[in-house]
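Worksheet for the structure shown next.
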Amino acid sequence: MTDSTEFDRRKMLLLGAASAAAAGLAPAAFAQGSGTVRPSRLRHYVIAAKDMDAVCGELYKLLDVVPVSKEAGNEPTLAFGFRTKMIRVGTTLIEVVSPIREKHQLQDFFVERGGDGGYMVVMQTYDDTALLARAAAANHKLAFEIPNFMGQHLMQFDYKTFGTRFEFYKYTPEDNWWGNPLHGDYNDPKAAEDITGAEVAVESPAAIAATAVSTFLGKQDGASVTFIDRRIDFVEPKGKARGLTAIYLKARDRSRVGTSATIANVEFRFV
């Protein structure tokens, strides 16, 4: 998660195309050096919470995972006005963020959302120049852009266009991502082995899906878009809720498929 005026991207950057292909997580056509135009990749999911510890506690219980003990006060994002905790789920992450300043973009989100909620989807692009060219051609505005953030190109799209914040990174090298869950200090959840995708509530979902495909690349099926190995389902809003409203957990215990729990106003569905 980043903030247009106060943010930090720490030392995280998930599994890139080369290592994903080597691990059998991505089709060979998307492997580094193949010369094939690659769609964007869905990397992880960000939840905004007023009470981070309470929300993380609920997530730990749902996922049946013991958090790794870390030194208190050693969070690099504190200088930028927010706290963050990462939870590994297979080859991706759930990031929980919480502001520590009264004036902060996350506080504005709470007011607009009416409380906690799904804040952002973090993506990887393999060609930032082409991504920005497609966005410019469609008159899609960026909320902000940082050409060289810790060696990475950061671009966040306006959530009013796509229903939620899609934050993109061009990682250099491609597998240099700061939150790589395969190498970080994490414990594995006993309840879920991975996250297969998420739901974004927005008006005219099929049209937004088409817009996402034309800008981010991916494969469209109705109001759903698949980005290599994960899916975003754009759906009609239920009530006032907009944005990232559900996350799909791949259940280890298949008897849990079809069950769900709501945490921080986000529905976590076992699939």
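Looking at the stretch 170-221, the trypsin sites (Lys or Arg not before Pro) that sit in a DSSP loop and have at most 13 other Cβ atoms within 10 Å of their own Cβ are Lys190.
Classified by the C-alpha gyration tensor, the stretch 93-189 has an oblate form. Its axis ratio a/c, with a ≥ b ≥ c, is 1.5 or above, and a/b does not exceed b/c. Restricting the GluC sites (Glu not before Pro) of the stretch 112-217 to loop positions (DSSP other than H, G, I, E, B) with no more than 16 neighbouring Cβ atoms within 10 Å leaves Glu203.
Taking a sphere under 9 Å around the Cβ of Phe227 and counting the other residues whose Cβ falls inside, with K and R at +1 and D and E at -1, yields a net charge of +3. Under 1.5 on a/c is rounded, so check that first for the stretch 192-270, then, if it is not, pick prolate when a/b is larger than b/c and oblate when it is not; a ≥ b ≥ c are the square roots of the alpha carbon gyration tensor eigenvalues. Oblate is the answer for the stretch 192-270, as a/c is 1.5 or above yet b/c matches or exceeds a/b.
The chymotrypsin sites (Phe, Trp or Tyr not before Pro) of the stretch 181-271 include none that DSSP puts in a loop with a beta carbon having at most 14 other beta carbons within 10 Å. Working from label points 7 Å from Cα in the Cα-to-Cβ sense, the Leu142 to Ile100 distance is 2.9 nm.
Stretching Asp51 away from Ser214 to a fully extended chain increases their span by 55.0 nm, per 0.36 nm per residue minus the current alpha-carbon distance. Charged side chains reduced to their Cβ positions (Lys and Arg at +1, Asp and Glu at -1) give the stretch 206-271 a dipole of some 200 debye around its Cα centre.
We did not get these values from a lab; they are worked out from the coordinates using the rules stated. Bear in mind the structure is a predicted one, so any value in this text is a computation, not a measurement. Every residue, glycine as well, gets a Cβ built from its backbone with ideal geometry; the counts of neighbours run over all protein chains shown.
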